[in-house]
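Structure, as structure tokens:
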Amino acid sequence: MAEVMVVTSGKGGVGKTTSTAALGAALAQAGQKVVVVDFDVGLRNLDLVMGAERRVVYDLINVVQGDANLNQALIRDKRVDTLCLLPASQTRDKDNLTQDGVDRVMDQLRAQFDWVICDSPAGIERGATLAMRHADVAVVVTNPEVSSVRDSDRIIGLLDSKTLRAESGSRIEKHLLLTRYDAMRAERGDMLKIDDVLEILSIPLLGIVPESPEVLRASNLGTPVTLSDAQSAPARAYADAARRLMGQTIPMTVPADRSKGLLNKFFGRRAA
Ligand SMILES: Nc1ncnc2c1ncn2[C@@H]1O[C@H](COP(=O)(O)OP(=O)(O)OP(=O)(O)O)[C@@H](O)[C@H]1O
Ligand SMILES: [Mg+2]
């Protein structure tokens, strides 16, 4: 039975698209049949992060409007053969994304894949509510800062009221993914503490992804971070999060302050 998962946030620029690509790739690497769907009409970012921008011919709106069938629009990943992308349109207006059309496409995707992962646009407008409408599972991407946490709280309210699950009286499974976590800033008290974020949002923690230059490097290469450098700290955090989504129990890793580790080593050596 397919799981539809929305990656959402409210606030922009927190790491939704990065997380969609990384979780999608990690689930596919684990043998799951995955499609990542770009709901961010007008911006079209997911294809760049997936390295597929030159292969886009048809997009979600073409399929919604019946100009192309689903198989014409799906782009199969060249690195992991169980991973596909359904891109967004950069040129069309997001009003072309009709609810009936999205319902039809999601039904077809459910029949073909184990995981349908929807990359939501920022905000709480129609694009975001369409992206979450069919979700069984939501990953609420949050940075440890006040504005991001506040917007995540609003999104959690929408998940509990504007989804098909909410309409039918059942609950959507919600997970918190803390991203861009900077251990040095956390130590200095410049960021909200993990426990405070958990207390405010009170949904289970799926993972903590550290702020890392590897994420930008991977994005510039057009490679999900779990594929570009599987041993990097963000890749390991995403791979663990993907295993948790598959129901495995994996201990939570809080990213350490690496500069402090290096300083300790440096001074330790000098003192020796
Ligand atoms: N863990 C991280 N470490 C460093 N940079 C990151 C990390 N996660 C995301 N970024 C960077 O932050 C920026 C925004 O990320 P991304 O596009 O994934 O966010 P988004 O939530 O999808 O944004 P939007 O709301 O505009 O769709 C990108 O430049 C990305 O490379
Ligand atoms: Mg995005």
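The values are calculated or read from the model by the stated rules, or taken from the named source; none is laboratory data. Here the structure is a predicted model, which is why all the values come from computation and not from measurement. Here Cβ is always computed from backbone atoms with ideal geometry, including for glycine, and neighbour counts include all displayed protein chains. We work out accessible area using only protein heavy atoms, side chains counted, and drop any ligands, DNA or RNA first. Shrake-Rupley method; radii C 1.70, N 1.55, O 1.52, S 1.80 Å.
Before moving on, here are some points about what is shown:
- Counting every alpha-carbon pair across the range 37-164, the share separated by more than 24 Å comes to 27%.
- Over the Cα atoms of the chain, the radius of gyration divided by the Kirkwood radius equals 0.99; this is the Rg/Rh ratio.
- Where Rh is the Kirkwood radius over Cα pairs, Rg/Rh for the range 95-219: 1.01
- FRET E, pair ILE124, ILE200, Förster distance 22 Å, beta-carbon r, rounded to 0.05: 0.80
- Farthest towards the positive end of the charge dipole of the chain, among the residues ILE194, THR91, ALA2, is the Cα of ILE194, using unit charges on the Cβ of Lys, Arg, Asp and Glu.
- Inter-part distance, the range 189-251 to the range 94-170, computed on C-alpha centroids, equals 20 Å.
- With all protein chains modelled, accessible area of GLU199 [1.4 Å, Å²]: 150 Å²
- The C-alpha radius of gyration of the range 23-83, expressed as a fraction of 2.2 N^0.38 Å, stands at 1.12.
- Rounded to the nearest 20 debye, dipole of the chain from Cβ charges on Lys, Arg, Asp, Glu: 860 debye
- Extension gain, LYS78 to ALA166, is 28.0 nm, computed as 0.36 nm per intervening residue step minus the present C-alpha separation.
- When +1 charges are put on Lys and Arg Cβ atoms and -1 charges on Asp and Glu Cβ atoms, the dipole computed for the range 1-54 relative to its Cα centre reaches about 60 debye.
- Among 221-227, 250-256, sorting by the average number of other beta carbon atoms lying within 10 angstrom of each residue, highest first, gives 221-227, 250-256.
- Cα lying deepest toward the dipole's positive end in the chain, options LEU158, PRO213, GLN29, charges on Cβ: PRO213
- Where both bridge residues fall in the chain, DSSP classifies roughly 5% of the beta bridges as antiparallel.
- Sulfur and carbon atoms: percent of accessible area, the range 1-139 [1.4 Å]: 43 percent
- Computed per residue of the chain from DSSP H runs no shorter than four, each worth -39500 (n - 2.57), the mean residue ellipticity at 222 nm is -12000 deg cm²/dmol.
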